[in-house]
Amino acid sequence: MLLHYDRGDPSKSIDLTKLVTSELNAQLYCCGPRGLMTALAKAVKQQGGSLITEDFNPVGSKSTDETPQAGCFTVELSRSGLVIDVAEGQTIIEALRAANIDVETSCEAGVCGTCVVDYLEGEPVHNDVVLMPDEQETSVALCVAGCKSKKLVLDL
Ligand code: FES
C-alpha cells in the first residue's frame, strides 16, 4: 500500500508512470478525483498493467433533458473579457486549463464544491450534487457543468 499526500502542491504530485512501472504485477485499484483516475488509466495504458477504477459520477444519473448541448459553447471570463471555446466532450475546467487558466478543483466529479463560481449570463446545465436549486441560479460547478446556451459568462 502506498500513501501519497502532495499537500495541494502540483510539484509534489505522484509520479504515476514510475508507480505503474514498479507495480506491473499488481492489480491497481483507484477511486478518487477524475483527474487522478484519468492520469492513472493513461499510465497503465502506456506502461501495461491492470487497473480497476471506481467512479462516483453524478453526471451519469442525470436525465437526457439535462445533458449539455452537443457541440461546443463558449465561456467568457467577465473580469478579463477572455472568451474560451469548450469543445464537445470537454469540461469547462479542461477548456480553462488548455487556455492556461487555473481554477482550483478537488473531486472533479461535482461532489465537493471546490470549483463552484458565480455566473453572470447564460444557461448552465448543473450536473453537480452540491448546489441547492437557489444556488444554481447564480453559481455553477465548473468541473461537471454543461451549457444550454451558446455562451456562459463567468465571474472570473
Ligand atoms: Fe469538486 Fe468541482 S471540483 S465539485
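With viscosity set to 1.567 mPa s at 4 °C, what whole-number translational diffusion coefficient in µm²/s follows for the chain from Stokes-Einstein and a Kirkwood radius over Cα pairs?
It comes out at roughly 77 µm²/s.
Give me the count of lysine pairs in the chain whose alpha carbons sit under 20 angstrom apart, restricted to pairs 8 or more positions apart or on different chains.
Going through the chain pair by pair, I get 4.
Taking only DSSP H segments of four or more residues, each worth -39500 (n - 2.57), what value at 222 nm results for the chain once the sum is divided by all its residues, to the nearest 500 deg cm²/dmol?
Counting only the DSSP helices, I get -5500 deg cm²/dmol.
Given +1 on the Cβ of Lys and Arg, -1 on the Cβ of Asp and Glu, and no further charges, what dipole in debye does the chain carry about its Cα centre, rounded to the nearest 20?
That gives the chain a dipole magnitude of about 640 debye.
Taking the Cα atoms only, what angle lies between the long axis of helix 34-47 and the longest principal axis of the chain, rounded to 10 degrees?
Value to nearest ten degrees: 40.
If you average the sequence gap of Cα pairs under 8 Å that are 6 or more apart and divide by the length of the chain, what percent do you get for the contact order?
Here the relative contact order equals 22 percent.
Return the inverse of the average 1/r over all pairs of distinct C-alpha atoms in the range 10-54, which is the Kirkwood hydrodynamic radius, in Å to one decimal.
By the Kirkwood definition, the hydrodynamic radius is 10.5 Å.
Read-outs: derived from the displayed coordinates by stated rules, not from any lab. As the structure is a prediction and not an experimental result, all values here were calculated from the model. Positions of Cβ are generated from backbone atoms using ideal geometry, with glycine treated the same way; all protein chains shown enter the neighbour counts.
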